[in-house]
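So the structure is just underneath, and the comments pick up after that.
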There are 2 protein chains.
Amino acid sequence: MTLDARKQNVLLAIIQDYIATAEPVGSRTIARKYKLGVSPATIRNEMADLEEMGYIEQPHTSAGRIPSDRGYRYYVDHLMKRAELSLDEERMLFNSYMTKVQDVGQVLRRTGRLLSQLTRYTAVVLTNHYGKGKFKHIQLVHMGPQQAMVVVVTDAGGVHHRIIDIPESIKPADLETISAVLNQKLQGKSIENIRLTLVKEIYFELAKQKHILNMAMDLIRESLAVQTGEKIFLGGVFNILNQPEFHNVEKVKTLLGLLEQEQMLAEIMADVMDAEGVTARIGEEMVNEQMKDCSMVMSSYSVGGKPMGSIGLLGPTRMDYARAFTVVEYMTKNLSLVMERLLGRRS
Amino acid sequence: MTLDARKQNVLLAIIQDYIATAEPVGSRTIARKYKLGVSPATIRNEMADLEEMGYIEQPHTSAGRIPSDRGYRYYVDHLMKRAELSLDEERMLFNSYMTKVQDVGQVLRRTGRLLSQLTRYTAVVLTNHYGKGKFKHIQLVHMGPQQAMVVVVTDAGGVHHRIIDIPESIKPADLETISAVLNQKLQGKSIENIRLTLVKEIYFELAKQKHILNMAMDLIRESLAVQTGEKIFLGGVFNILNQPEFHNVEKVKTLLGLLEQEQMLAEIMADVMDAEGVTARIGEEMVNEQMKDCSMVMSSYSVGGKPMGSIGLLGPTRMDYARAFTVVEYMTKNLSLVMERLLGRRS
DNA sequence: GTTAGCACTCAACATGGGAGAGTGCTAACA
DNA sequence: TGTTAGCACTCTCCCATGTTGAGTGCTAAC
C-alpha cells in the first residue's frame, strides 16, 4: 500500500497536472513538465503500476491517465502541500472582515461569498444554532385589529418573527403585558427546554387578565415554535458552470437539484462536525450517489469552544484541494473570531 | 399595419406552434395541424407577406419561420386568448394560500415559488416597501458587555435587526429606558421622515440620563439607517435550464450573471409599476442588450390601494404568454389579498 | 533497472455524399 | 383574381469514411 518516492512523484505530477488542465495526463507531458529525471517509458511503467493499485485510471486506451478517487485521497492524505494566499487576497479578506458587521446572518452570507470568490467553487455555510441558543427577548407588537407580530431574539444573535392572529379584544397594552410576563419567565432559558416546564407557570400568571387567557396558550406555543435546526447559506452556486466537467446542462441540472435539498447538505456537513480541522469528502465518499463526481472540503467553526456550524467548498473531484484546504481553514478561523466578537463572548 | 383575418390566423398558428415545439414552423405543418382550409402553397404566400412586414423570420433558407419580437408583440396585443388554470392548479394554489402565513418575506418567497412551479419559468418578486412604511416598534436587547441588538418593526411587516457596539457602562435597564423613549417618540412616524426632525427631541429626553447620552445619538442614527429601498426574491432560477434555448452553458452563465444584478431587475420592474394590469416586455424591449432573447411578463400588486411591489415571470421570448399572463394576473390578485389580510388592512 | 523503438488503439476532426424539410416560382385552374 | 399543384433549388442534419495525433504496451537493447 505504501508507494516509493518515484511513484509518489509520478502520482503527484499526474494529479497536479490534471487539476490544472482537466485533461488526461500522458507520460510525455510528465517527463517534460515535471523533471523527474527519467524517460517517458519509465514513467509509463510506473503509471501501469499505479493504475493496477487503483490510484489512477484510463478513460480509454489511447488517452493519458486521470486520478481515481483513491488517488485523490492519497494525495490529500500524504502528498498535498497547503497553498498560501497571495498578499492581495490576504488584504481583501482583511478588508472584508474589518467592515462593520451587523448581524449573524450577514456574517454567514459574507463568508459564503468570500469562500466562493476566493476559489471559484460553490460555498456552503451551515449553522446549527439557528433557532437554538438561549432565549434573550420576546416582543409582541400590535399590527392590526386581528394581527400581532411576535419577535424572538436568541443569544446566538438570531431574530425570528412571525405574524399571528389575535382576537380583536386584545389591545396593544395587553400585548405589552404579555410580553413582559414572557420576558420575565423565559429569561435566559434555552429555547429547547422552554416548551413544557414553563408554560403552566405563565398560564397562571396571565390568568389574572382573564380576557387574554384564551389566546395566551396558543400564542406561547406559536411564538416558541421557532423554526429550529440548521440553516444553510450557499455562495457562488453558479461557479460550477465554470468547471469544464459541468459544461453539460444535464449534469448542472441534477447537481443544482441536489443543492436545493438542504437537508442532505446539512447531513453531509453535520457528519464532519466532530472532526478536528479541515476534512475532505472525495467523490464516492460523498453520501449521495449522484454527487460521486464532486468533492467537498469542510471544517466546522465554533464560538466559545462550542461548535456552531460548518463551512465547506463544493467542487468537482478534480478540485484544487491544496487551495481549498487553505482557504477553508483560514475562513474557519476568521469566522469563529468574528462570531465571538459579534456575540460579545470571549473564549 | 393591420392584418387580414387569414394572415392573423397564420401568424397565430406559427406562434402557437413555435411556443409549443421550439422548432421553426413550415407551411405544411400549419396546413396539417391548424385547419385553415387552404393549401400549404397559399400559406407560403401569406408567410412571405408576414415576413416582409416583419412579424416572422427565417433562420435560414430551407427552414420554417419563427416569430420575430414584433410578431410576439402583435400576438400579445391582438391575438392572444388568456389560458385558464386547470382544476388541479386552482386547488394547489388554494391550498398554498390557505396554509398559515407567518410573515411578509415568507409570503413573497412562496409567491415566487408558486409562480415558477406553475410555469417552469423564473419568477421575480420585487417589494419596494422593504425598510419603508411606518415605524411600529423598536427594541434594544442587551447581547453582551459591549453589544446590543436593535430590532425595528415597520407596519409593512418588515423586521430589521442589527448588532451594534455599546459602551460597557450601558446596562440592560438603560437599554429598556432608551427603547421606551424611542418607541414613544417615533410611534407611527414614517421611517423616511424620522431621521432629522425627531432626533433632537429624543436627545433632550435622554439627557436626563447623562451616562447614556454619549451613545444615544449614534444609536439612533444606526438603528434608523435601516436598509432601504427594494428587495428582490427569485424563484425557480434553474428553470431556465429546461428551456431548449438555454442548453448552452455560456448563455446560461451570462443570464445568471444578469439575474444577480438586482438593481437592474428592480429597474425593469419599477418601470411597470404605474401600468394597469399585466404587462409584457418582449425581447429587444428589455432594457438590457444581453437579455434580448428573453421576455418578462409583469404586474404590480398593492395593499390598501397603494402599490407595494411587482411580480414577474422571466422566460425566453418564446415563452407561453397566454399562460404567463393568466398566472401573473391570478397571483397578483392573490398576493394583494394575502398581504392585506396579513397586515390587517382592508382596502 | 532504464530506455529507444515500434506497432497498435482510439478519440477528435474533417470530408463528402445522401435524405429530408422547406422554400419560391411558374403555370394552370376555378 | 385568388388558389393550388408541381418542380427545381437550398440548406441543415446525419452518417459513413478517412486522417491525424496523442498515448499506450511490449520487446529488445543498453
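The values are calculated or read from the model by the stated rules, or taken from the named source; none is laboratory data. Treat the numbers as computed from the prediction; the structure is a model and nothing was measured. Note: ideal-geometry Cβ built from the backbone for every residue, glycine included; neighbour counts use all protein chains shown. Only protein heavy atoms, including side chains, enter the accessible area calculation; ligands, DNA and RNA are left aside. Shrake-Rupley method; radii C 1.70, N 1.55, O 1.52, S 1.80 Å.
Looking across the range A:86-109 at every residue that is closer than 23 Å to A:V237 by Cβ, without any contact (Cβ under 8 Å) to a residue 60 or more places away in the chain and away from chain B (no Cβ under 14 Å), the one that is nearest to DNA strand C (Cβ to nearest atom) is identified as A:E89. Residues in the range B:129-137: is at least one in a loop (DSSP other than H, G, I, E, B), away from every other protein chain (no Cβ under 14 Å), among the hydroxyl-bearing types (S, T, Y) and buried (at least 16 other Cβ atoms within 10 Å of the Cβ)? Yes, some residue in the range B:129-137 is in a loop (DSSP other than H, G, I, E, B), away from every other protein chain (no Cβ under 14 Å), among the hydroxyl-bearing types (S, T, Y) and buried (at least 16 other Cβ atoms within 10 Å of the Cβ). For the range B:38-50, the count of residues that are more than 14 Å from every other protein chain (Cβ to nearest Cβ), among the basic types (K, R) and away from DNA strand C (no atom under 11 Å from the Cβ) is zero. Residue pairs whose Cβ atoms lie under 7 Å apart, sitting 6 or more positions apart in sequence or on different chains, and linking a residue in the range A:255-273 that is open to solvent by 10 Å² or more (accessible area, probe 1.4 Å) to a partner that is of a type in the set (S, T, Y), are A:M273/A:S300; A:M273/A:S310. In the range A:18-29, the qualifying residues are those that are open to solvent by less than 80 Å² (accessible area, probe 1.4 Å) and more than 8 Å from DNA strand D (Cβ to nearest atom), and the one that is nearest to the other protein chains (Cβ to nearest Cβ) is A:A22.
Among the residues of the range A:229-273, those identified as part of a loop (DSSP other than H, G, I, E, B) and either modelled with pLDDT of 90 or more or farther than 27 Å from A:I19 by Cα (or both) are A:G229, A:E230, A:G236, A:Q243, A:Q261, A:M273.
Considering every residue within the range B:12-26, establish whether at least one is more than 33 Å from the chain's Cα centre (by Cα) and within 10 Å of DNA strand C (Cβ to nearest atom).
Applying the first criterion (more than 33 Å from the chain's Cα centre (by Cα)) to the range B:12-26 yields B:26.
Subsequent filtering for residues that are within 10 Å of DNA strand C (Cβ to nearest atom) retains B:26.
Checked the range B:12-26: at least one residue is more than 33 Å from the chain's Cα centre (by Cα) and within 10 Å of DNA strand C (Cβ to nearest atom).
Of all residue pairs spaced 6 or more apart or on separate chains, those with beta-carbon atoms under 6 Å, a first member in the range B:37-53 that is open to solvent by 50 Å² or more (accessible area, probe 1.4 Å) and a second member that is within 12 Å of DNA strand D (Cβ to nearest atom) are B:R44/B:S27. For the range B:119-137, residues that are at pLDDT 95 or above and in contact with a Phe, Trp or Tyr (Cβ under 9 Å, 6 or more places away or on another chain) total 4. Residue count for the range A:160-176 satisfying the condition of being at the interface with chain B (Cβ under 9 Å from one of its Cβ atoms), β-branched (V, I, T) and surrounded by 21 or more Cβ atoms within 10 Å (Cβ to Cβ): 1.
I'm checking my understanding of the structure. Among residues of the range B:149-191 that are part of a helix (DSSP H, G or I) and aliphatic (A, V, I, L, M), which one is farthest from B:L342 (Cα to Cα)?
Restricting to residues being part of a helix (DSSP H, G or I) and aliphatic (A, V, I, L, M), the top hit is B:A173.
Here A:I43, A:I15 are screened, and the one residue that is within 10 Å of DNA strand D (Cβ to nearest atom) and at pLDDT 95 or above is A:I43. Being more than 14 Å from chain A (Cβ to nearest Cβ), touching a residue at least 12 places away in the same chain (Cβ under 8 Å) and under 21 Å from B:A22 (Cβ atoms) holds for only one residue in B:E329, B:E284, and it is B:E284.
Among the residues of the range B:55-85, count how many are of a type in the set (G, A, S), away from DNA strand C (no atom under 14 Å from the Cβ) and surrounded by fewer than 20 Cβ atoms within 10 Å (Cβ to Cβ). Total meeting the criteria: 1.
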